[in-house]
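Worksheet: the structure to be examined is printed underneath.
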Amino acid sequence: MSDWIRSNWFVVVVIVALAGATGYFIYDANRNNVPGRQADGKDVIASLAERDITADELYDQGAPFDGQLLYNLYKNAVVSQSVQTTSDLEKEAKEMEKTIDQNVRGQSSDKYKEAISAELASYGFASYDDLYDYCLVNVKEKELDRTYVDAHFEELKKSLKDKQPRTVSQIKVTVSNPESLTEDEQKKVDSIDKALESGTFADAATAFSDDTATADKEGFAGYIDADDAAQGNGVVAAEAVSAALSLKKGETTDWITVTDASTGAKSMVKVTVDEDDVTAIHESDNEDVRDELLYALLGSDTGLSMKIMQEAASKLKITFEDEQTQARLDNYMKTAGGQADAE
């Protein structure tokens, strides 16, 4: 994933999840669906497992719906009822809720609830109070996607060939001027080079690296691919990513000079490729690495997410109480699916 993705985490979460808390249009086999019926004097547009959705509610959330929003609402319902809620998913959703809340609160402390509510509204959420529901649908969708990808990985991995996926570790030395190192800086660089000659990259990173994000992880800096070559992956700078993409497993770059775009601070880094086999990365013990590869697969095939959702939907009993709604949804999915195929 690119640095843009990491710096715009909330938007990306929304894009990846396409999530909405309210599940529309899914009909539970244990409920009666009566066309044209009313609830509290209001016309029922759709039925779902837990309650009815009235026309007034739909319009209150910003009707008329565009195709993207309508699809999101439909997708949320499919995801919600296709993946069983487990304690692990609940825990992950709560962690995501906390992260989103803290980050938005830090960026907009006086209006953070309004900011979150405004972002979630386009995905079918009524307010900030629905943030947890959004997060739960999000993690359920990831589980649905992962199950599909695991079952079809041998076929899907072909789409990642040009991305050159790999995992890497790095060692960083902070310097004042890369062109003229101080005596202490030169001693540190020399010590690292000597350590690499006689020992492992992990040991050298643990002993000498100035990178607070990776030093206590034996230098491990996570997943990278060709999409990170422009802006880095948030840990490894773009210059180092580009160099690492040309290496094979076990190979290490020369010293690379890096300038922090936000602070202007200078550093010298070395990066080694830990793994360049896509199957091994897919089977990694590191959940973050597996997630990054999953997102790379979904990103490399823009129609894959919809295909996964439609396969899940085919296993559910779905009814529409409004023919126009069904027609608009079908048209959107046909058009979006066609554009994905063209790409």
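The values are calculated or read from the model by the stated rules, or taken from the named source; none is laboratory data. As the structure is a computational prediction, the values presented were derived from the model and not from experiment. FYI the Cβ positions are ideal-geometry reconstructions off the backbone, even for glycines, and counts take in every protein chain you see. Heads up: the accessible areas ignore ligands, DNA and RNA and are worked out on the full protein's heavy atoms, side chains in. Shrake-Rupley method; radii C 1.70, N 1.55, O 1.52, S 1.80 Å.
Table: residues versus (1) under 25 Å from THR212 (Cβ atoms); (2) not in a helix (DSSP H, G or I).
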| position | (1), (2) |
| --- | --- |
| ALA230 | yes, yes |
| GLY250 | no, yes |
| SER267 | yes, yes |
| VAL289 | yes, no |
| THR302 | no, yes |
| LYS315 | no, yes |
| ALA327 | no, no |
| TYR332 | no, no |
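Restricting to region 272-304, give me the number of residues that are of a type in the set (Asp, Glu), under 20 Å from LEU89 (Cα atoms) and in contact with a strand residue (DSSP E or B) (Cβ under 9 Å, 6 or more places away or on another chain). So the count comes out to 3. Does at least one position in region 305-322 carry a residue that is of a type outside the set (Ser, Thr, Tyr), modelled with pLDDT of 90 or more, open to solvent by less than 20 Å² (accessible area, probe 1.4 Å) and touching a strand residue (DSSP E or B) at 6+ places or on another chain (Cβ under 6 Å)? No; the residues of region 305-322 include none that is of a type outside the set (Ser, Thr, Tyr), modelled with pLDDT of 90 or more, open to solvent by less than 20 Å² (accessible area, probe 1.4 Å) and touching a strand residue (DSSP E or B) at 6+ places or on another chain (Cβ under 6 Å).
Within region 276-325, no residue satisfies the criterion of being closer than 20 Å to VAL139 by Cα, of a type in the set (Val, Ile, Thr) and more than 18 Å from the chain's Cα centre (by Cα). When every residue of region 128-144 is checked against the conditions, at least one turns out to be more than 30 Å from VAL271 (Cβ to Cβ) and without any contact (Cβ under 8 Å) to a residue 24 or more places away in the chain.
Of everything listed in (1) closer than 30 Å to GLU275 by Cβ; (2) in the same structural domain as LYS91 (by the TED database); (3) β-branched (Val, Ile, Thr), the single unmet condition for VAL189 is (2). Only residues that are over 17 Å from the mean Cα position of the chain (by Cα) and either surrounded by 15 or more Cβ atoms within 10 Å (Cβ to Cβ) or not assigned by the TED database to the domain that holds GLN84 (or both) were counted across region 102-130, and they come to 14. Among ALA204, ALA230, ALA237, ALA261, which is the only one that is under 31 Å from the mean Cα position of the chain (by Cα) and open to solvent by less than 80 Å² (accessible area, probe 1.4 Å)? After applying the criteria, what remains is ALA237. Residue pairs whose Cβ atoms lie under 8 Å apart, separated by 6 or more positions or on different chains, with the first residue in region 327-338 and surrounded by fewer than 12 Cβ atoms within 10 Å (Cβ to Cβ) and the second assigned to a helix (DSSP H, G or I) and small (Gly, Ala, Ser), are THR335/GLY67. Only a single item in (1) in a loop (DSSP other than H, G, I, E, B); (2) open to solvent by less than 60 Å² (accessible area, probe 1.4 Å) is not met by CYS135, and it is number (1).
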